[in-house]
Amino acid sequence: MKKVFIAILAVALLLLLEAPIALAKSEKDRPLPATDVELVKKVTLKGKPGGGAKPVRQAATGTLGDNLGSGAKRYAIVVGISDYPGTGSDLEYADDDALEMQNALTTLYGYTNVILLKNMGASYDAIKGAIGDVKGKAEAGDEVVFFFSGHGAKGKGDPDRDGEKVDEAIVSHYGNPNGDFVYIWDGELREWFKEFEATRIIFIFDSCLSGGMTDLAAQDRVINMATTESGLGYESSDWGGGHGQFTYYFVEQGMMAGNADRYDHNNNPDVTVEEAFDYAKANCVWQTPTISDSFNNDLLL
């Protein structure tokens, strides 16, 4: 009996010693914590918004950068969240923004590898998993697009350990109707997109505070942000029957309708990322789109 007791005690001690190790392993896959987190909601407008068509400094140079080589692959992760947990923070058109981006990529630019994540399917784990999946497939010479439409957030406490006093985040879904918001911080996204083999990556954020996503900047990347680091984003039924303002002018009117086509590059399609951004910035009201462009000249998807 004494030997049995000693054996049980030894097993219990071993399990206690291993518990912190197991916890440490699981913690690295959890959303990062922050203090004083503020969800900054995109504004849904009722009625007909006015303004637009203001002159802006142009991001487009009129000169195309290097085209993708023969055999290059194009990958996209497209995220749109209108139906957040609960009812008080729901949007109306962010999931429609995602569908419009998918439509432009597939019908206009010939993308065949598009991961679409909407509403409850756009959880923290799903977004992280999609990025990891594309990271494992994309090779040198390939192209990747990451699109997000939904809420933004800001928080203190340096949750992603990037040295910033205030961090910005995109707000993902918990993954079930009874959960809560899950924040993906700018530094987290930077780490998830670190060491991608793809030659060029295009980011498009239609969310409040999206101007803070410049942590993702690197050579041959273009970051299109719907507003400034402290600005709000807007959506309305007046924009294409229901879209975020930035998506409407960047994607639907700029790319799909061809209204952003300022320079003739003798291509079909012909609207570059920079031309689409310029058009959106010129027409957006109450928000100021921003861009971080580390691609040489203009990028045609």
Taking the number of other C-beta atoms within 10 Å as the exposure measure, put E92, E188 in order starting with the fewest. E92, E188
Determine, from the Cβ-Cβ distance of L45 and R262 and an R0 of 30 Å, the FRET efficiency 1/(1 + (r/R0)^6), rounded to the nearest 0.05. 0.60
Fraction of antiparallel bridges per DSSP, the stretch 161-301 only, in percent to nearest 5: 65 percent
List T106, T290, T199 from most exposed to least, where exposure is judged by having the fewest other Cβ atoms within 10 Å. T106, T199, T290
With a ≥ b ≥ c taken as the square roots of the eigenvalues of the C-alpha gyration tensor of the stretch 198-263, please select rounded if a/c is under 1.5 and otherwise prolate if a/b is larger than b/c or oblate if it is not? oblate
In a shell of Cβ-Cβ distance under 13 Å around D270, excluding D270 itself, what net charge do Lys and Arg (+1) and Asp and Glu (-1) give? -4
Around M120: net Lys/Arg minus Asp/Glu count, Cβ-Cβ under 15 Å: -4
5 angstrom amide H check on Y75, placed H, neighbours 5+ away: E143, V144, V145
Restraint check, K73/K165; K156/K194; K46/K154; K165/K194; K42/K137, Cα-Cα greater than 29 Å: K73/K165; K42/K137
Amide H within-cut-off set for E235, under 5 Å, with H built and near neighbours excluded: V43, T44, L45, Q245
At R0 = 35 Å the Cβ-Cβ FRET efficiency linking T63 and L99, nearest 0.05, sits at 0.60
From the backbone phi of the stretch 246-254, what are the Karplus-calculated ³J(HN,Hα) couplings (6.51 cos²θ - 1.76 cosθ + 1.60, θ = phi - 60°) in whole Hz, Gly and Pro given as x? 5, 4, 4, 7, 6, 9, 5, 7, x
Going by amide H atoms built from the backbone, whose H comes under 5 Å of the H on L301, apart from near neighbours? V273
With a ≥ b ≥ c taken as the square roots of the eigenvalues of the C-alpha gyration tensor of the stretch 190-301, please select rounded if a/c is under 1.5 and otherwise prolate if a/b is larger than b/c or oblate if it is not? oblate
Counting only DSSP beta bridges fully inside the stretch 43-293, the antiparallel percentage to nearest 5 is 35 percent
Rounded, prolate or oblate: which fits the stretch 43-293, taking a ≥ b ≥ c as square roots of the Cα gyration tensor eigenvalues, rounded meaning a/c under 1.5, else prolate when a/b beats b/c? rounded
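Rule-based calculations on the coordinates, nothing more; no lab input. Because the structure is a prediction, the values reported are computed rather than measured. Virtual Cβ from ideal backbone geometry, glycine too; neighbours counted across all protein chains shown.
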